[in-house]
Amino acid sequence: MSWGTELWDQFDNLEKHTQWGIEVLEKYIKFVKERAEIEINYAKQLRNLSKKYQTKKNSKEEEESKYTSCKAFQTTLNEMNDYAGQHEVVSENMTSMIMAELTRFVQELKQERKSNFHEGRKAQQHMETCWKQLESSKRRFERDCKEAERAQQYFERMDADINVTKADVEKARQQAQIRHQMADDSKGDYSSVLQKFNHEQQEHYHTHIPSIFQKLQDMEEKRIVRLGDSLKTYADIDRQVVPIIGKCLDGITKSADSINGKQDSQTVIESFKSGFEPPGDVDFEDFTQSIKRTVSDTSLTNSRADGKSELKISGKSRGKLWPFIKKNKLSLKLGATPEDFSNLPPEQRRKKLQQKVDELNKDIQKEIDQRDALTKMKDVYMKNPQMGDPASVAQRLIEISNNIEKLRVEVQKFEGWLAEVEGRLPARNDNSRRQSALYETQNATTPVSNCAQDRESSPDGSYTEDQSQETEVKVTPTEFDDDFDDEEPLPTIGTCKALYPFDGENEGTISVAEGEVLSVIEEDKGDGWTRIRRNEEEEGYVPTSYIEVYLDKNTKGAKTYI
């Protein structure tokens, strides 16, 4: 089927149809353009999202990245970054392979369509001109025939009239002959024009128009085929990235499978293990041996007087060891982390020192490799002076040798600290270790630079390091003994009356009798105990619920002295 034969009279409709076809193609190009913009925006958002949650260097997150779950999450972010890259590929391919190609194709179609319809309009105008010529020749022939008929009738009337002269009849006859001749000429001209018109019309409807319409048909079919090919390309562009996207998703699945809870638990141990041992049992201290058995149990006053000196001597140490007393802390503002990492627990210190030794050894190896390369270069220069001056390398070799020596000194220093820490890490069950583990204190004779080797964790197992690089050194009560001996007694902040008797058998406590009035030197801090004093000599703790406290107004609300 051909448009030239089937649609020979549908020139205007074909013009509209081909214009619509180009508009459809332009609409599809616009669709692809918007899809490409969506893909590139989506890729940009995915990249920004991945970058937002990426581990920042030199941050706490980088320290946390050693866990398998965090590694899996980072792998997922990297895969999503690659996933975003595939959407960028889709956008780029759609822009170059569909939009750009179809845009050029549409311009070609418009130009071809314009040329074909211009040729068709030209053919139509030629046929209209031929038709006008035919009509003009026809009307002229018709007019001449009518004029010849009238002239013939006039001649016949003149010839039949006896009153008309022979000259008038002759004149009418000649006039009729002239009109007949003109009619014959018009007839011949009309016949010629008609024959020509029929030929042109035959050529127009059977040759020119079919040829033009065939070109339009070919153009339209080419447009349709090209649109179909573009749709296939559209699908292929997506299909090409599917395997890579699948690999990205497989990578995420693989990273999820790599998560190991046991391994992360072990990493937690390695990260926070202090190297200390749990405190042992507290030894029983028997104070009954010094009690005078001859004194009556009812003689409370005498028993207190006899035990006054003992309580005065031991009261300080009991007060310091009593668990309800605030821990004594000495905060030293060091300003920066010590070079030997003495602010860390033994195990963490050992890891940091080992890490430092490994880094220094790597630096030494780099310097050695560079020295070997320069040595070879120097040998080449000595054998071939034209290639370079050996003296230019000698100075650099000296600098590298000095650097290696400095690094080795540093390694020896850190290895010494490391050996010291590793020598102290085995089990230590002495009383001072147990005491420091329980009350977050350390041996007073240990130098500050190596304090972390004997530092213990708090009773809850935690070890606190100031985030602003301020090291808090825990000091044993023995370090404060001299200070406590010289310091003034705690001021009285009120009085109390014993509501019930309390025997005070535990260390740091004091016995009271029902109704006894004593001085309050430290009120309850929320642990259920109040510190009291008797006769300016004996002091200790009693349960707050056993007494009725009367605080002085001028001292109430003041800071409690510890």
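The values are calculated or read from the model by the stated rules, or taken from the named source; none is laboratory data. Owing to the predicted nature of the structure, the values given are computational and were not obtained by experimental measurement. As a convention, Cβ positions derive from the backbone with ideal geometry for all residues, glycine included, and neighbour counts pool all protein chains shown. The protein model used for the area step is the full one, side chains on, heavy atoms only, and it has no ligands, DNA or RNA in it. Shrake-Rupley method; radii C 1.70, N 1.55, O 1.52, S 1.80 Å.
Miscellaneous remarks
- One residue alone among Ile98, Ile40 is free of Cβ contacts under 8 Å to residues at least 60 places away in the same chain, part of a helix (DSSP H, G or I) and touching a Ser or Thr at 6+ places or on another chain (Cβ under 6 Å), and that residue is Ile40.
- When every residue of region 186-202 is checked against the conditions, none turns out to be closer than 17 Å to Gln10 by Cβ and touching a residue at least 24 places away in the same chain (Cβ under 8 Å).
- For region 141-152, a tally of residues being farther than 18 Å from Ala172 by Cβ and open to solvent by 80 Å² or more (accessible area, probe 1.4 Å) returns 2.
- Within region 151-168, residues that are within 17 Å of Arg179 (Cα to Cα) have Cβ atoms under 8 Å from residues that are open to solvent by less than 80 Å² (accessible area, probe 1.4 Å) and assigned to a loop (DSSP other than H, G, I, E, B) in these pairs: Met158/Val164, counting only partners at least 6 apart in sequence or on another chain.
- Restricting region 68-90 to residues that are β-branched (Val, Ile, Thr) and closer than 25 Å to Val241 by Cα, the residue that is surrounded by the most Cβ atoms within 10 Å (Cβ to Cβ): Val90
- The C-beta contact set for region 272-287 (first residue within 29 Å of Gly504 (Cβ to Cβ), second residue at pLDDT below 80 and polar (S, T, N, Q), distance under 6 angstrom, 6+ apart or interchain) comprises Gly280/Asn429.
- Count - residues of region 517-561 that are more than 60 Å from the chain's Cα centre (by Cα), polar (S, T, N, Q) and at pLDDT below 90: 1
- Residues satisfying the stated conditions in region 396-424, i.e. open to solvent by 80 Å² or more (accessible area, probe 1.4 Å) and in contact (Cβ under 8 Å) with a residue 40 or more places away in the chain: Arg408, Glu415, Glu422, Arg424
- Subset of region 43-67 that is open to solvent by less than 90 Å² (accessible area, probe 1.4 Å) and touching a residue at least 40 places away in the same chain (Cβ under 8 Å) - its residue that is nearest to the chain's Cα centre (by Cα): Leu46
- Of all residues in region 50-67 being in a loop (DSSP other than H, G, I, E, B) and not charged (D, E, K, R), the one that is modelled with the lowest pLDDT: Ser59
- Within region 4-17, one or more residues are in contact (Cβ under 8 Å) with a residue 60 or more places away in the chain, surrounded by 14 or more Cβ atoms within 10 Å (Cβ to Cβ) and in contact with a His (Cβ under 9 Å, 6 or more places away or on another chain).
- Qualifying position, being within 60 Å of the chain's Cα centre (by Cα) and closer than 30 Å to Glu26 by Cα, among Glu88, Glu119: Glu88
- Candidate set: region 254-286, residues that are assigned to a helix (DSSP H, G or I) and open to solvent by less than 80 Å² (accessible area, probe 1.4 Å); chosen: the one nearest to Glu63 (Cα to Cα): Ser271
- Scan of region 153-208 for residues that are of a type in the set (Val, Ile, Thr), over 23 Å from Gly120 (Cα atoms), open to solvent by 60 Å² or more (accessible area, probe 1.4 Å) and in a helix (DSSP H, G or I), ordered by number: Ile178
- For region 68-87, the criterion of a residue being within 22 Å of Lys254 (Cβ to Cβ) and part of a loop (DSSP other than H, G, I, E, B) is satisfied by no position.
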